[in-house]
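In what follows, a single structure is set out as structure tokens and then discussed.
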Amino acid sequence: MKKTSSKKPVGQVTRGKTASNRLRRVDNFILLYEPSLLTRTDGPFADSFFIDLGYGFDPRTTLESAERFRRLNPNLPILGVEIDKERVDAALPYADARTHFRLGGFNLPLRAGESVRLIRAFNVLRQYEEVDFAPSYERLAEYVLPGGLMIEGTSTPFGQIWVANLARMTAERKWKMEALVFSTNFRLGFDITDFQAVLPKNHIHHVVEGEPIYEFMEAWKRSAAQTSPAKTFGLKQWFSASVENLAAKGFKIDLRKKWLNKGWLVWNL
């Protein structure tokens, strides 16, 4: 597998602030969406990593993910990657035989024979210019096994609301956008405009008339208005009704209850 051998990490230092369990719903989504990706042991998947890219000032998100994912696969190799050396040094005391922390950026710090099954990159690309989006994805594509996945997006400071791209690695070594996922735990209520503030970098500047993401958001707003009587039964019921109404408008949405009942809208692309 092709690797870019650059000693200098590619990328920018993030603000690095995070909160405990900020990304719990991201992990829980992956556990429901494709648990088999975490347990695969065929061929190069046997020792392939879950990568927590840009974990921040301390490694809590990496360690929290390790606890969740290893309930399913106790031997899952996990690598936290940070572009700031001080952050890596601070994390090293938490490393063990299956949990690693290394200095790196979009040019992941993998060693000979190492590969990746899953990347989580949250609150990383939001600080970049849109022109940097595609090159960042292309660089990360060098490391991920065909069939592997990346979940990349932005969340509110405590993770109540987030939106993420789900990108799949094809056999041709290219990313294929699989879905756009919207998530809420309803603690901030239910308002479609709240999702716009945390759209991924490839969408956030395109909420303008004529763009697909604009049409989607406007249609969802209309669906929420049309189903507003459902909120008398609770925000979760209103959310579900609005998403079902949105799907009836022609959008390809996964309407299974395991998503809707937990505040996830999965828009299949």
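We did not get these values from a lab; they are worked out from the coordinates using the rules stated. Here the structure is a predicted model, which is why all the values come from computation and not from measurement. Every residue, glycine as well, gets a Cβ built from its backbone with ideal geometry; the counts of neighbours run over all protein chains shown.
Amide H of Tyr55 versus every other amide H placed in the peptide plane: which residues, excluding those fewer than 5 positions away on the same chain, fall under 5 Å?
Amide H to amide H, under 5 Å and 5 or more residues apart or across chains, Tyr55 pairs with Val81.
Starting at the first residue of the stretch 36-41, write each ³J(HN,Hα) from the Karplus equation 6.51 cos²θ - 1.76 cosθ + 1.60 with θ = phi - 60°, in whole Hz, x for Gly and Pro.
For the stretch 36-41, the Karplus-derived couplings read 5, 5, 7, 10, 4, 10 Hz, x marking Gly and Pro.
Using Cα pairs closer than 8 Å and at least 6 residues apart in sequence, work out the relative contact order for the stretch 206-268, in percent.
25 percent
Starting from the amide H of Ser115, placed 1.01 Å from N in the peptide plane, find each other amide H under 5 Å away whose residue is 5 or more places distant or on another chain.
Excluding prolines and chain starts, which carry no amide H, the hits are Phe49.
Report, to the nearest 10°, how far helix 60-69 tilts away from the longest principal axis of the Cα atoms in the chain, using its own Cα long axis and a range of 0 to 90°.
So the helix axis and the longest Cα principal axis differ by about 80 degrees.
For a footprinting-style exposure proxy, rank Ile253, Ile204 by other Cβ within 10 Å, fewest first.
The fewest-first ordering by Cβ neighbours comes to Ile204, Ile253.
Before anything else, pin down the relative contact order of the stretch 84-235: Cα pairs under 8 Å, at least 6 apart, normalised by residue count, whole percent.
Taking the mean separation of contacting Cα pairs over the length of the stretch 84-235, I get 17 percent.
How would you classify the stretch 182-235 from its alpha-carbon gyration tensor, with a ≥ b ≥ c the square roots of the eigenvalues: rounded for a/c under 1.5, else prolate if a/b is greater than b/c, otherwise oblate?
oblate
Charges at C-beta only: +1 for Lys and Arg, -1 for Asp and Glu. How large is the resulting dipole of the chain about its Cα centre, in Debye rounded to 20?
560 debye
Does the stretch 24-168 come out rounded, prolate or oblate by the C-alpha gyration tensor, with a ≥ b ≥ c the root eigenvalues, rounded set by a/c under 1.5 and, if not, prolate when a/b is larger than b/c and oblate if not?
Rounded, because the longest to shortest axis ratio a/c is under 1.5.
Which option, (i) 39, 21, 16; (ii) 32, 19, 18; (iii) 36, 17, 15, is the value of semi-axes √(5λ) of the Cα gyration tensor in Å that was calculated from these coordinates?
(ii)
Putting +1 on Lys and Arg Cβ atoms and -1 on Asp and Glu Cβ atoms, find which of Pro229, Ala167, Gly105 reaches farthest to the positive end of the dipole of the chain.
Of Pro229, Ala167, Gly105, it is Pro229.
How many angstrom separate the Cα center of the stretch 205-238 from the Cα center of the stretch 24-63?
31 Å
Rounded, prolate or oblate, given the Cα gyration tensor of the stretch 206-268, with a/c below 1.5 counting as rounded?
oblate
Using Cα-Cα distances under 8 Å and only pairs 6 or more residues apart, what relative contact order does the chain have, in percent?
This gives 15 percent for the chain.
Taking the chain as a Gaussian network, Cα atoms linked when under 10 Å apart, which of Ser20, Ser242, Ser183 shows the biggest mean-square fluctuation?
Fluctuation is largest for Ser20.
Quick check on the chain: helices-only [θ] at 222 nm, where DSSP H runs of length 4 and up contribute -39,500 (n - 2.57) each and the sum goes over total residues. Nearest 500, please.
-8500 deg cm²/dmol
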